[in-house]
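Below is one structure; the comments refer to it alone.
The values are calculated or read from the model by the stated rules, or taken from the named source; none is laboratory data. Computed from a predicted structure; not experimentally measured. Cβ coordinates were reconstructed from backbone atoms using ideal geometry, including for glycine residues, and neighbour counts include every protein chain displayed.
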Amino acid sequence: MGLSPRRLSDGVSLYSSASGYPLPRSSVPGQQAKRPSQHLDPADPFLVAANATRPGPKDHPPRPSGDAGTLSDVEVTEYFTDAEIPWAPTPTRTSLDSLDKFDDLDTTSPPPDRGMLVYFIYLALGVALLLPWNVIINATEFFRARFAGSPYQSNFQNYFSVSYTATNLAALAFSITQQHRIKPRLTLLVTLVANAVIFLLLTIFTRVQGLDGTRFFGVALTLVILSALSSSFQQSAMFALVARFPPLYIQGVLSGQAVAGVIVSVVQLVITASTLKAADRRSQHDFGDELYRAPPAPVYAGADPYAWDPVYHHAPPYRRSLGPDGQADADDEQQVFEMRAFAYFLMASIVTLLVLAGFVFLQRLPFFQYYLPKPGSQTTRAVPFRDNWRLVTATVRSIPSLITAVSLVLFFTISVFPALTAAVQPVTLAPGLLIAIHFVLFNVGDWIGRFFSMFPRLRFLNPKVILAGALSHVAFIPLFLLCNYVYPGVGSPRLIPAAIQSDAAFLIITLLFGISNGYWCSLAMIAGPGAAVDKERAGTIMSFFLVAGMAVGALASFGVTALACNCNSFDIS
């Protein structure tokens, strides 16, 4: 979709296309064209040219009679905003080609985004958007140790996933129906503060002792639900705001979401590696050559692969009972997990506060202010509920393939990650290290996939292509079911043999899984607003169906876990 200049009198160019946004520019360098609110001179060559090239009766009603040299603000604004913005993808339905996307954008050229500062702040906002969820799922070992002895010790991830996504889904549904009432900038400020407070509470609870596993599960689940509520309103406001910007900035938010996972998982990996080294030195001092007294038994269906290992740091927390001082080892290990959780909960609080400061600064930048809705515009006026609902349904009907695609990608991902993937046990690596590396590789792959969507040659915005790619994502589920996962306390044999007995193979599959997730999800989220009737509402609607896929995937994770362990996935202990 290119822009072709049509030379007008007095050196003025009007850039337009069949689906482009008119960008009038003055012939004087650095001088902006006149804004609609100004009185136009009848002799102005730009006005003469604009009147001469004004659309015919098929597109607009005839001009009212009157002063031939003066156009009302409404008429001028209507002329300059009747087409799509040039950076938006062409709608896939021709019946939508003539619909306005925004009626409140400034008609002058946007100021430059100096140093890509707005882009990087949006990327940071994307980091803050998914930071709560990534912190929660990466604290697996901490929660498992604190839930020891409760019915939720081994299946808490399923409960966390269902609670988080269900809350997120309900809040996003509310946001869609109240889109015209929500103030995105105020909502972002409030939710960023709320998430920072939640992270601080999680940090404090890593030092609180005396709660048994069941009670602490209730506290943790409450904080997870509050975090989901805050993050959902933050997500709704974020995509409603960034939908007004060029696709590069939407991609920035999506990349930031992936970077959030990378940051948390890398911090977890560094802490895990350092604590494993310290534990290894202590175990060698305490047990000497006892490590080599018993050869490793082969892992088979229903076996406990850790029964032979007398060194506590080679076994998961629910199996640390061997050695001359097993209880002391377990206590030391819990302190290690608490130290790790304290570090990245505190890190999440600091990062969220820094992003909050960045967003306050963002609102002062001219490039950001250029894309904000003007007072009294269509996007800031109240809309009756019936008309609002009609607009929601019209937007959904305009992008059905993209909605389905983004839902399927997240459904397939959450059904196995991390409920199944975190149960995979190593062949050569230490268990805690394998899980930490697997989180890093998934998040790095997710970021790589979203990064690929920046390049035009890799940005396939055809809804059918995106839907086909989303369907192909399901191929990873049987691959993970063939990996070497073990659920503690389950004596029944596996239904599916552990054909993939390789740490490297499991990690490669995880990396490719992350790339596929990030790439197809990013393409769907970028294409959605450009092809929809209402861009701003489409951003929230796409977010809703993204979370809907996560919610259904979280429910499906119980079924996948039951298939994997050949047991009741609601009662694994």
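Of everything in the range 429-449 that is of a type outside the set (A, V, I, L, M) and modelled with pLDDT of 90 or more, the residue that is farthest from V264 (Cα to Cα) is G449.
Filter the range 435-478 for residues that are among the aliphatic types (A, V, I, L, M) and outside any helix (DSSP H, G or I); which is surrounded by the most Cβ atoms within 10 Å (Cβ to Cβ)? Give the steps one after another, and end with the answer.
Step one: filter the range 435-478 for residues among the aliphatic types (A, V, I, L, M), giving 435-437, 440-441, 444, 448, 454, 458, 461, 465-468, 470-471, 474-475, 477.
Imposing the further condition that a residue be outside any helix (DSSP H, G or I) reduces the set to 454, 461.
Working: M454: 16, L461: 20.
That would be L461.
The residue pairs whose first member lies in the range 141-165 and is in contact (Cβ under 8 Å) with a residue 24 or more places away in the chain and in the same structural domain as F337 (by TED's automatic domain parsing), whose second member is surrounded by fewer than 21 Cβ atoms within 10 Å (Cβ to Cβ) and among the acidic types (D, E), and whose beta carbons are closer than 9 Å, counting only pairs six or more residues apart or on different chains, are F142/E338; A145/E338; R146/E338; G149/D212; S150/D212; P151/D571; N155/D571.
Got a sec? Which of T561, T510 is touching a residue at least 40 places away in the same chain (Cβ under 8 Å), closer than 30 Å to L429 by Cα and touching a His at 6+ places or on another chain (Cβ under 7 Å)?
Working: T561 fails: touching a His at 6+ places or on another chain (Cβ under 7 Å).
Residue meeting the stated conditions: T510.
All of (1) more than 15 Å from A139 (Cβ to Cβ); (2) crowded, with 18+ Cβ neighbours inside 10 Å hold for T206 with one exception: (1).
Can you name every residue in the range 533-558 that is assigned to a loop (DSSP other than H, G, I, E, B) and either within 26 Å of L229 (Cβ to Cβ) or outside the structural domain of L420 (by TED's automatic domain parsing) (or both)? Hit for the range 533-558 is D534, nothing else.
All conditions but one from (1) buried (at least 24 other Cβ atoms within 10 Å of the Cβ); (2) in contact with an Asp or Glu (Cβ under 9 Å, 6 or more places away or on another chain); (3) of a type outside the set (D, E, K, R) apply to V547; the one that does not is (2).
A Cβ distance below 8 Å, combined with a sequence gap of six or more or placement on separate chains, defines the contacts here; from the range 403-428, residues that are at negative phi reach residues that are acidic (D, E) and modelled with pLDDT of 90 or more in the pairs P426/D503; V427/D503; T428/D503.
Take the range 450-489 and flag every residue that is farther than 14 Å from P426 by Cα and over 25 Å from the mean Cα position of the chain (by Cα). Before the answer, list the steps.
Let us first name the residues in the range 450-489 that are farther than 14 Å from P426 by Cα, namely 450-479, 481, 488-489.
Selection gives L481, P488, G489.
Taking the numbered list (1) closer than 30 Å to L241 by Cβ; (2) within 21 Å of the chain's Cα centre (by Cα) in turn, F513 passes all entries but (1). Whenever a residue of the range 124-140 is in contact (Cβ under 8 Å) with a residue 24 or more places away in the chain, its partners that are assigned to a loop (DSSP other than H, G, I, E, B), lying with C-beta atoms within less than 6 angstrom and at least six residues away or across chains, give the pairs I137/P418.
To keep it simple, each residue is scored yes or no on (1) hydrophobic (A, V, I, L, M, F, W, C); (2) within 30 Å of I250 (Cβ to Cβ); (3) more than 27 Å from the chain's Cα centre (by Cα); (4) at pLDDT 90 or above.
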{"residue": "G491", "(1), (2), (3), (4)": "no, no, yes, no"}
{"residue": "I500", "(1), (2), (3), (4)": "yes, no, yes, yes"}
{"residue": "A505", "(1), (2), (3), (4)": "yes, no, no, yes"}
{"residue": "G518", "(1), (2), (3), (4)": "no, yes, no, yes"}
{"residue": "V533", "(1), (2), (3), (4)": "yes, yes, no, no"}
{"residue": "E536", "(1), (2), (3), (4)": "no, yes, no, no"}
{"residue": "G539", "(1), (2), (3), (4)": "no, yes, no, no"}
{"residue": "C565", "(1), (2), (3), (4)": "yes, no, yes, no"}
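For the residues A475, A556, the requirement of being without any contact (Cβ under 8 Å) to a residue 24 or more places away in the chain and more than 23 Å from G252 (Cβ to Cβ) singles out A475. Regarding the range 168-188, can at least one residue be identified that is in contact (Cβ under 8 Å) with a residue 40 or more places away in the chain, among the basic types (K, R) and part of a helix (DSSP H, G or I)? Among the residues of the range 168-188, at least one is in contact (Cβ under 8 Å) with a residue 40 or more places away in the chain, among the basic types (K, R) and part of a helix (DSSP H, G or I), which makes the answer yes.
Among the residues making up the range 352-377, those that are modelled with pLDDT under 65 and loosely packed, with under 14 Cβ neighbours inside 10 Å are P375, G376. Of all the criteria given as (1) part of a loop (DSSP other than H, G, I, E, B); (2) under 20 Å from the mean Cα position of the chain (by Cα); (3) hydroxyl-bearing (S, T, Y), the one not satisfied by T428 is (2).
Every condition in (1) under 19 Å from L546 (Cα atoms); (2) surrounded by fewer than 24 Cβ atoms within 10 Å (Cβ to Cβ) is met by Q425 except one, and the failing one is (1). The condition of being within 22 Å of G256 (Cβ to Cβ) and modelled with pLDDT of 85 or more holds for L189.
Taking T561, is it at pLDDT 80 or above, more than 28 Å from G126 (Cβ to Cβ), assigned by TED's automatic domain parsing to the domain that holds V259 and part of a helix (DSSP H, G or I)? So T561 passes the test.
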